[in-house]
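Let me begin by presenting the structure, written as structure tokens, before commenting on it.
The values are calculated or read from the model by the stated rules, or taken from the named source; none is laboratory data. Predicted, not measured: the structure shown is a model, and the values here were computed from it. Quick reminder, even Gly has a Cβ in these numbers, built from the backbone with ideal geometry, and neighbours come from all protein chains shown. For accessibility, only protein heavy atoms count, side chains too; no ligands or nucleic acids. Shrake-Rupley method; radii C 1.70, N 1.55, O 1.52, S 1.80 Å.
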Amino acid sequence: MSKKRVRIYTGFERFWHWTQAVLILFLAFTGFEIHGAYTFFGFREAVRYHSIAAYLLLTLIAFAIFWHFTTGEWRQYVPTLENVRAQLEYYVFGIFRNAPHPTRKTMLSKLNPLQKITYFGLKVVLIPLVVTSGLLYMFYRYPTRYGIEAISVGSLKFIALAHTLGAFLLMAFLVVHLYMTTTGETVFSNLRAMITGYEEVEEPASTGTLEGQQA
Amino acid sequence: MVKGMKRAIPILVTIGLVTAVAVVSALTPKELPPTPLAQLKEQYAKKRTPSVDHSKFPQLQRAFARPQDVTSACIECHNGRHTEVMRSNHWRWEREEYVKGRGVVYLGKKNAVNNFCLAAEGNELACAKCHVGYGMESVKTFHFDDPRNVDCLVCHDGTGTYAKAQNKGGLPAPTVNLTKVAQSVGRPGRSNCGVCHFYGGGGNNVKHGDLEEAMFEPTRDVDVHMAVDGANMQCVDCHVTEKHNIRGQLYSLSSMNRNRVTCEQCHTSTPHEDDLLNEHTLKVACQTCHIPVYAKVNATKIYWDWSTAGKLRNGKPYEEKDAEGNILYMSKKGTFRWGKNLKPEYVWFNGTAHHYLPGDRIEDPTQPVILNRFEGSYADPDAKIFPVKVMRTRQFYDPVTRMLLLPKLFAPRQGEGALWEDFDLLRAIEVGMKEHGLPFSGKMDFIETIMYWPVNHMVSPKEKALQCSECHTRHNSRIANLRDFYIPGRDRSPKVEAFGKGLLLLAILGVLAHGGLRVVTLWKHGREGKR
């Protein structure tokens, strides 16, 4: 077996990831200030910065969606039950025994089955929850104006609570996500890959399928 | 390389074009239209010049024996205008109001109950000093149809010397030079309105808290509109008047949502450059943020305890004052508390108020009686959060009939049963209730009452407007008492908080446990490896 430098993430992907990371952290910081958890910028400034960051994130998401569909990368996130058990077993048992990763990261399949499920949930449930509730908080009066009475100034409470709930979920995700980066080949290999785009992976003895899934 | 160059050309051209457009538009001088605020300032900076000089009219170049003769002289030229005044509540002391659940009621100074001097009826000689008429001794006997009793001068005097006499039912003081005053008449200024409206309740700023002597010549900090060093606006600039119908009403005496003065009539409902602030106008009245404090110069009365009234010292009534001259005790009236630079309290208000009327039975005497309850809630599309001064009083109450008791306070002489002459509480109540045509069981108790006084004046300069964090905060929010809605910064859902924090904690603990275990096993493996 020999080590091979494999390209995992494109430039746009890394730009998207880190910009999104910074924006979400900043949104969380200003958001929890607006929530009343602490005072740093002051309420008014926190609201202003939160709105600006929200628009930046929306723009980024628009580009990311475009990128995912034009490159076909969205297929990475289609959840599958294949190997889920193996992956789970790895995190629960294998990792403590220095066992090898049950799945292998390649440009064509960069997410393990658990990641697929997690990121699918993130993209299809959690981010839409936070984005929709955020947009409704800012623009609830437009549906109201067009006769959608279910959304009015009286709904703001539920919109705000959904937004808060989303924020808590995102923060819990962040904690686990940060930790999971340390579970790669080495503690920093995943992080390095997300920065440089390349990861050193062990080349299998046989030139297996491109999918690289270990049976 | 060449291929790369070719690809770069359209990108470079686009960047160049965008930059060029940006630079050109930045350098082109723009003729911005004046902002709405600048237009308003210009509009109100125009000096008004009277169209006529009343001192030149022969009709007014004579001595007037009686004030009614002046009125007759006015009507000679301004024929018909007196009928407008006689339709107004300044004259009639009542309005016809439709109140939901009650029907049509006639409400005004004639019959209203308040928690200051309690009621005007029965005390007209004193109270009618502020009636826009002459010689009202009783609302029951006054000739509301006699035009000669209309007091044109109190509102139109231009000399600042016109004054009504004490306890004469609205007649002018004998020292007033009626000829001079009649020749000076013009558009009412702050002093014309203020001479009554600043002294309601028997002294400066007693009632309103936001209308007082300091408003004759206010600074910008006291009132940004009326400031003599600013826009120098007069009362009637906002209280726009047409045919003697003065726009504006106070909810101590009004019930219906009509004929109100609003900030929006000049400033629109979206006056801010910041859209987020404009969002607030849906549910927050302008006054709420723009009048952060009231009673900025002199104190206003905030508490009145009638139960201590009537005490005498050496057989004589007496007064006690604080260092600033505010009366703390008065034999005639009882005990007071005052407040200066007060933060208003906040209520939902949709422009409709319900009033306690004389003879109303109090349903629950264990609770304070709200004399003018304001309608409104978050769910009410017409309601906004308004700042109010809340007046709290302990006043007379009949535990048998469950009615508020209205004593006779004033009489021109002793022996007529008036509290302020005879200091006999039970007798004053007996006489007062008889005059109101209401029963009195003979038993007297005291009950807490509350009155809301909307704070509309003393608008601060915008730099001093309320900061976001005064309401959007978990601790000591200005609107901590309004709980029927959610605002960020103040409110949380205990369930969402518990779930969210629990989840975060679980995540952190899980990560620590997993990570810890990894470190331990790795270390073990390492040791085994060495062995």
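Per-residue surface analysis assigns B:D364 an accessible area of about 70 Å², computed on protein heavy atoms at 1.4 Å probe radius. Sites listed here are GluC sites (Glu not before Pro) in region A:1-84 whose DSSP assignment is loop and whose Cβ has at most 15 other Cβ atoms within 10 Å: A:E82. Under the convention that each Lys and Arg Cβ holds +1 and each Asp and Glu Cβ holds -1, the size of the dipole of the protein assembly as shown around its Cα centre is about 1920 debye. Among the chymotrypsin sites (Phe, Trp or Tyr not before Pro) in region B:284-322, those placed in a DSSP loop whose Cβ has at most 16 other Cβ atoms within 10 Å are B:Y318. Annotation: lysines with alpha-carbon distance below 26 angstrom to A:K110 (same-chain offsets under eight excluded): A:K3, A:K4, A:K123. Farthest toward the positive end of the dipole of chain B, out of B:A379, B:Y452, B:G526, is the Cα of B:G526, where the dipole comes from beta carbon charges about the Cα centre. To the nearest 10, the accessible area of B:D424 is 70 Å² with a 1.4 Å probe.
Note on region B:54-186: lysine pairs with Cα distance below 20 Å, sequence gap of 8 or more or different chains, count 14.
The calculated FRET efficiency for the pair B:I508 and B:T179, based on their C-beta separation and a Förster distance of 60 Å, comes to about 0.10. When you filter the chymotrypsin sites (Phe, Trp or Tyr not before Pro) in region A:7-106 for DSSP loop state and at most 12 other Cβ atoms inside 10 Å of their Cβ, you are left with A:Y38, A:F40, A:F93.
Length gained on full extension, B:D274 to B:R337, computed as 0.36 nm times the residue gap minus the Cα-Cα distance: 18.6 nm.
Spin-label model, B:K140 to A:L58: label points 7 Å out along the Cα-to-beta-carbon direction sit 6.9 nm apart. Which value results for Rg/Rh of the protein assembly as shown when Rg is the Cα radius of gyration and Rh the Kirkwood radius based on the inverse mean 1/r? Looking at the protein assembly as shown, the ratio lands at 1.16. Straight-line cross-link reach from B:K311 at under 18 Å between alpha-carbon atoms covers these aspartates and glutamates, not counting any fewer than eight positions away in the same chain: B:E319, B:E320, B:E421, B:D422, B:D424, B:D445.
Listed by chain and number, the lysines whose C-alpha is less than 17 Å from the C-alpha of B:K283, apart from same-chain residues fewer than 8 away, are A:K157, B:K384.
When the helix-only estimate is applied to chain B (DSSP H runs of n ≥ 4, each -39,500 (n - 2.57), divided by the residue count), what is the mean residue ellipticity at 222 nm, nearest 500 deg cm²/dmol?
Roughly -8000 deg cm²/dmol at 222 nm, from the helical runs in chain B.
Angle of helix B:36-45 to the longest C-alpha principal axis of chain B, folded into 0 to 90 degrees and rounded to 10: 30°. The long axis of helix B:67-77 is offset from the longest Cα principal axis of chain B by roughly 70 degrees.
Fully extending the segment from B:N314 to B:A465, taken as 0.36 nm per residue of separation minus the present Cα-Cα distance, adds 49.3 nm. For the pair B:T83 and B:R62, a Förster radius of 35 Å applied to the C-beta separation gives a FRET efficiency near 0.90, rounded to the nearest 0.05. Considering only B:C155, B:I246, B:N257, and ranking their Cα positions along the charge dipole of chain B that arises from unit charges at the beta-carbon of Lys, Arg, Asp and Glu, the one farthest toward the positive end is B:N257.
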